[in-house]
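Reviewing the structure listed below.
The values are calculated or read from the model by the stated rules, or taken from the named source; none is laboratory data. The structure presented is a predicted model; accordingly, all values stated were derived computationally and were not measured. Cβ placement follows ideal geometry from the backbone for every residue including glycine, while neighbour counts extend to all protein chains displayed.
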Amino acid sequence: MAWYFGYGSLIWRPGFEFTDRVLASLPGYARRFWQGSPDHRGTIENPGRVVTLVPVMGVRCAGVAYYVQPESDPEVLAYLDHRESGGYTREIEQIELEDGQLVEAVVYVGRTDNPSFIGPDTVAVMAEHIWRSRGPSGHNVDYLSQLSQALGALNIVDEHVEALLEHVMRLGPVQP
């Protein structure tokens, strides 16, 4: 595969070399903070909440697609397999690039049957969870905030992300 779809931290921090980056969308999926993060934005004892994709008819998850030279695929896949090892599986999905072209892309998804899947809750409960969580990669709030900023820079509106951020901001500053 030469295309990779990012809908979470890959948007602002891909961590690999690419030759093209374009807006893209994945039909039939929504971005949700339903995946636990026992290794980056939380701990095994207190996993944070990060995004995954959940099937939702009639919607599209907007994000970015990265084109990687095919000879670099083994290196990129090894890097992403390690980075996304906290419950994500590598899948191939058809995405739509901003010019309307349909391409096959690598997408990492935390499915409901993975051990780190937390699942849905109210916005208030998820926001409090995010507000109190931190891990080796920093505060969970920073992940939420960086995702919101990255989406905003791309003119992508995600009501789920914005509702969570609004609730988190009401909780006040996070503790160091």
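Exactly one residue out of Arg90, Arg132, Arg111 is among the basic types (Lys, Arg) and more than 15 Å from the chain's Cα centre (by Cα), and it is Arg132.
For region 1-67, the strands (runs of 3 or more DSSP E) that sit wholly inside it and include 3 or more residues that are under 10 Å from the mean Cα position of the chain (by Cα) are 20-37, 48-67.
With respect to Val59, determine if the residue is closer than 22 Å to Leu165 by Cβ and in contact with a Lys or Arg (Cβ under 8 Å, 6 or more places away or on another chain).
no
Selection of region 110-139 for residues being touching a His at 6+ places or on another chain (Cβ under 6 Å) and within 30 Å of Ile92 (Cβ to Cβ) yields Gly135, Ser137.
Residue-by-condition table, conditions (1) closer than 15 Å to Ile11 by Cα; (2) surrounded by fewer than 19 Cβ atoms within 10 Å (Cβ to Cβ):
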position	(1), (2)
Gly58	no, yes
Ala62	yes, no
Gln69	no, yes
Leu77	no, yes
Gly86	no, no
Gln94	no, yes
Gly100	no, yes
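Taking first residues from region 160-172 that are surrounded by 15 or more Cβ atoms within 10 Å (Cβ to Cβ) and partners that are among the aliphatic types (A, V, I, L, M) and not in a helix (DSSP H, G or I), the Cβ contacts under 9 Å between residues at least 6 apart in sequence or on separate chains come to His160/Ala30; His160/Val51; Val161/Val51; Val168/Val174. Checked across region 140-147, the condition of being acidic (Asp, Glu) and farther than 21 Å from Tyr88 by Cα holds for no residue. Of the residues Asp81, Asp39, Asp121, the single one that is surrounded by fewer than 21 Cβ atoms within 10 Å (Cβ to Cβ), modelled with pLDDT of 95 or more and out of contact with any Lys or Arg (no Cβ under 7 Å at 6 or more places or on another chain) is Asp121. Residue-level analysis places Ala24 among those that are hydrophobic (A, V, I, L, M, F, W, C) and closer than 22 Å to Val161 by Cα.
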